2 protein chains.
Amino acid sequence: MKKILNDVDNIVDEMLIGMVDAHGNLLDRVDGKNIIVRRNKKTDKVALISGGGSGHEPSHAGYVGEGMLDAAVCGQIFSSPGADEIYDAIKAVATDAGVLLIIKNYSGDVMNFEMAAELAAADGIKVDKIIVNDDIAVEGSTYTVGRRGIAGTVFVHKIVGAAAEKGYSLEELRKLGEKVIENVKTMGMSLEPCFVPTTGRKSFDIADDEVEIGLGIHGEPGTHREKIKSAEIHVKQLLYEIFKHSTAKTEDEVAVMVNGLGATTLIELYIANKAVKEFLDGRGINIYKTLVGNFMTSIDMEGFSLSILKLDEEMKELLDARSNTVAMKNI
Amino acid sequence: MKKILNDVDNIVDEMLIGMVDAHGNLLDRVDGKNIIVRRNKKTDKVALISGGGSGHEPSHAGYVGEGMLDAAVCGQIFSSPGADEIYDAIKAVATDAGVLLIIKNYSGDVMNFEMAAELAAADGIKVDKIIVNDDIAVEGSTYTVGRRGIAGTVFVHKIVGAAAEKGYSLEELRKLGEKVIENVKTMGMSLEPCFVPTTGRKSFDIADDEVEIGLGIHGEPGTHREKIKSAEIHVKQLLYEIFKHSTAKTEDEVAVMVNGLGATTLIELYIANKAVKEFLDGRGINIYKTLVGNFMTSIDMEGFSLSILKLDEEMKELLDARSNTVAMKNI
């Protein structure tokens, strides 16, 4: 496996330098830390912070900016950032209105974000948290108690971010975040593993004619493996599982995310989206908005995930609100 | 090689259905044709049309919309669209102000776009063309006389698109387009070939420790192969070649595009961008704007290209102008 890198021990630092070099109009970096913050800090709103291991680009630094996050804490590849670095991020962007942490449900992330929240609370900073657990594939998995947080997290960033920009209070944002989490369900599948440059290994091995259904964004085991089939069949299969958990039904409105895991072509993602629309049309569910692209990757994994977010009027309005970040402008 | 597809003979049609399903607010399709047009057609401006073989997504349909293209003609994978389909696209979007064709320099594209232009001219439609040849790697290559047109084409779409929106005449747009083409220079490299689903084959074979320098976006031969080195070394190598052709010098302002070829991670692209900035800083060249991402892909090729566009005040203003397309919003 070849990669265009310099020093594997310095990947995240160099990536963040290159990112701020490219997008200095939107982003800034906390000196000496793997923390990306919004360039034009807004001090009269609740600050939103997300993060986790790197390797999921553009998550989360690509969502820092107007209408989304105030900071992203970027751990090493597939490793939670330390509590001290998260604490630094909180101190960097905290406002009198408070700080909301948006945490993907992985044990390491939850532990370190909670520890950082305690440190910040001891300083008198108002901190609250929401934990995203949209992956309906498996309950309890490698590194996780409960369901994992995956691509649906980006909907949380967008909707809660828009509400923060509008001046929602910390408590209102936590409740809104919990509503989004309650209503967003995701499941993915993989054709090929990712190559983890820091270990020099693929995240798993899989036969030439097999796919894995329901796996996590670090290559954690899914529900099963099977022979590869058509886009239509796999999309139906994922949505069938998702709708065991989603309460969206006929005449409801949903937002759809067809998320590439890194090395998946837009050709495949759009063909998958065609099948998604056919499935939802068949159930009489209305699609309010569709996002297709790489939003939450797994380095260079081949595969995709589907997220379905059941909407209400409040979420629709916030989804439509202005955002200006590297990876998501007005959608 | 696995792909999430249905019918390999119907890839482009299904992709375009899925694309319009996702982005119906911005895009529309000419019935029964592989032509994507802007949803809200503007009739008081010159219409811009680009296109070529598919497999380069988001090029070109992702750039259809306000401030960029009026139509994209989407050939089969790595195959030029037929003259008749290009002619249909011209008829679909032509205005009294005329039509400008933005053609990447491949013999098939040039031939078919020119034939379509003749058919349209015979109908009394004002048509002109510009041919993008930004790839400085090789002169004359498989399927091409002269230099190939690659990722720099996206800068042409953006700048000429903004000018069309502002009401430039057909002649002014052609001249502006020629200026952008004159000033944009690109060179790429590849680590791994792409898998071409319609042929069931990889576009080439390469050793596990080798890269190819200067190859085209269909896998046409580059200048040479060599052992893989660091991001810093490869970036310097590409820029050194680019600056044999670019006239940008100390104190000039440039736009940079670090373009992924499909399966390349943002990690690598940002690390490459760090090296780009170091190189340009070393020459005292000022970076006005940097784009990092997948703009002109080669299906799922691993690798990237670098484009350097030497700017003047007119191009800067147009680069900053509003755009609202699937793959490029205000930048």
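The values are calculated or read from the model by the stated rules, or taken from the named source; none is laboratory data. Since the structure is predicted, the reported quantities are computational estimates derived from the model, not experimental observations. Cβ placement follows ideal geometry from the backbone for every residue including glycine, while neighbour counts extend to all protein chains displayed. Protein only, heavy atoms only, side chains kept; ligands, DNA and RNA dropped before computing areas. Shrake-Rupley method; radii C 1.70, N 1.55, O 1.52, S 1.80 Å.
With both bridge residues required to lie in chain B, what share of the DSSP beta bridges run antiparallel, to the nearest 5%? The partial results should precede the final answer.
Details: 33 of 58 bridges.
Percent antiparallel among DSSP bridges in chain B is about 55.
Please compute the average number of Cβ atoms from other chains found within 10 Å of each residue's Cβ in peptide B:273-280.
On the way: counts 9, 11, 6, 3, 5, 3, 0, 1.
Across the residues of B:273-280, the mean count of other-chain Cβ atoms within 10 Å is 5.
Can you tell me the relative contact order of the range A:65-213? Whole percent, Cα pairs under 8 Å, sequence separation 6 or more.
Details: 228 pairs, mean separation 32.0, N = 149.
It rounds to 21 percent for the range A:65-213.
Under 17 Å Cα to Cα from B:K91, which lysines show up? Leave out anything in the same chain fewer than 8 places away.
Here the lysines satisfying the reach criterion relative to B:K91 are B:K33, B:K41, B:K42, B:K45, B:K126, B:K129.
Mind giving me the nanometre distance, one decimal, between the label points for A:E172 and B:V145, set 7 Å out from Cα along Cα→Cβ?
Going by the 7 Å Cα→Cβ label model, 6.7 nm.
Which Cα, out of A:F279, A:V99, A:L269, lies furthest along the positive dipole direction of the protein assembly as shown (beta carbon charges, K/R +1, D/E -1)?
Of the options given, the answer is A:V99.
Averaging sequence separations of C-alpha pairs under 8 Å and six or more residues apart, then dividing by the length of chain A, give the relative contact order as a whole percent. Please report the intermediate quantities before stating the final value.
On the way: 784 pairs, mean separation 59.8, N = 331.
Taking the mean separation of contacting Cα pairs over the length of chain A, I get 18 percent.
Nm distances between the label at B:H245 and the same-position labels in the remaining copies, 7 Å along Cα→Cβ, shortest first?
Ordered by increasing distance: 4.9 nm.
Under a Cβ-only charge scheme (Lys and Arg +1, Asp and Glu -1), can you give me the dipole magnitude of the range B:177-331 about the Cα centre, in debye to the nearest 20? Numbers along the way, then the final one.
Values: 18 positive and 25 negative charges, 26 e Å.
The dipole of the range B:177-331 has a size of about 120 debye.
Write down, largest first, the equivalent ellipsoid semi-axes of the range B:8-94 in whole Å, where each equals the square root of 5 times an eigenvalue of the alpha-carbon gyration tensor.
19, 14, 11
In Å and on Cα atoms, what radius of gyration and Dmax does the range B:160-227 show?
My reading of the Cα-based Rg and Dmax gives 18.2, 51 Å.
Ignoring ligands and nucleic acids, what accessible area does B:Y240 show with a 1.4 Å probe (Å², nearest 10)?
130 Å²
With contacts defined as alpha carbon pairs under 8 Å and 6 or more residues apart, what's the relative contact order of the range A:248-323 in percent?
On the way: 130 pairs, mean separation 37.1, N = 76.
That works out to 49 percent.
Summing +1 for each Lys or Arg and -1 for each Asp or Glu, what net charge is found among the other residues whose Cβ lies under 10 Å from the Cβ of B:M15? Spell out each step's value before the answer.
Working: positive: A:K274; negative: A:E268, B:D13, B:E14, B:E57.
Around B:M15, the charge tally is -3.
Springs between alpha-carbon pairs under 10 angstrom, Gaussian network model over chain A: which of A:E232, A:E192, A:E253 fluctuates most?
Of the options given, A:E232 has the highest mean-square fluctuation.
Extent of the protein assembly as shown along each principal axis, from alpha carbon coordinates, in Å, largest to smallest?
73, 57, 49
For A:V196, enumerate residues with amide H under 5 Å from its amide H, sequence gap 5+ or separate chain, H modeled in the peptide plane.
Counting only residues 5 or more places away or on other chains, the set is A:R201, A:K202, A:S203.
At q = 0.09, 0.10, 0.21 Å⁻¹, what log₁₀ I(q)/I(0) does a Debye calculation on the Cα points of the range A:212-331 give, no solvent, two decimals?
Treating every Cα as an identical point scatterer, log10 I(q)/I(0) equals -0.25, -0.31, -1.32.
With θ taken as phi - 60° and the coefficients 6.51, -1.76 and 1.60, list the Karplus ³J(HN,Hα) couplings across the range B:202-217 in order, rounded to whole Hz; mark glycine and proline as x.
Those phi angles translate into 6, 6, 6, 10, 8, 5, 4, 10, 10, 10, 10, 9, x, 7, x, 7 Hz.
Name the residue, out of B:G98, B:G284, B:G293, whose mean-square fluctuation peaks in a Gaussian network model built on chain B with Cα pairs under 10 Å.
B:G284
Just to be sure I understand: with springs between alpha-carbon atoms less than 10 Å apart, which residue in B:A121, B:A61, B:A71 has the highest mean-square fluctuation in the Gaussian network model of chain B?
Taking springs between Cα atoms under 10 Å, the residue moving most is B:A121.
Is there a quick way to get the dipole size of the protein assembly as shown? I mean about its Cα centre, with the Cβ of Lys and Arg at +1 and of Asp and Glu at -1; what is the value in debye to the nearest 20?
Working: 74 positive and 102 negative charges, 127 e Å.
Taking the Cα centre of the protein assembly as shown as origin, the dipole is about 620 debye.
As a test, work out the antiparallel percent of DSSP beta bridges whose residues both lie in the range B:11-150, rounded to the nearest 5.
On the way: 7 of 23 bridges.
Bridges in the range B:11-150 that DSSP calls antiparallel: roughly 30 percent.
Lysine pairs, Cα distance under 20 Å, 8 or more residues apart or cross-chain: how many in the range B:222-331?
25
So, with +1 on the Cβ of K and R and -1 on the Cβ of D and E, and no other charges, what is the size of the charge dipole of chain B about its Cα centre, to the nearest 20 debye?
Details: 37 positive and 51 negative charges, 104 e Å.
It works out to roughly 500 debye.
With each run of n ≥ 4 DSSP H residues scored as -39500 (n - 2.57), what mean residue ellipticity at 222 nm is computed for chain A after dividing by its residue count and rounding to the nearest 500 deg cm²/dmol?
Numbers: 8 runs with 103 residues, N = 331.
For chain A, the value works out to -10000 deg cm²/dmol.
Among the DSSP beta bridges whose two residues both lie in the protein assembly as shown, what percent are antiparallel, rounded to the nearest 5? Can you show the working numbers first?
Working: 66 of 116 bridges.
Antiparallel bridges make up about 55 percent of those DSSP assigns within the protein assembly as shown.
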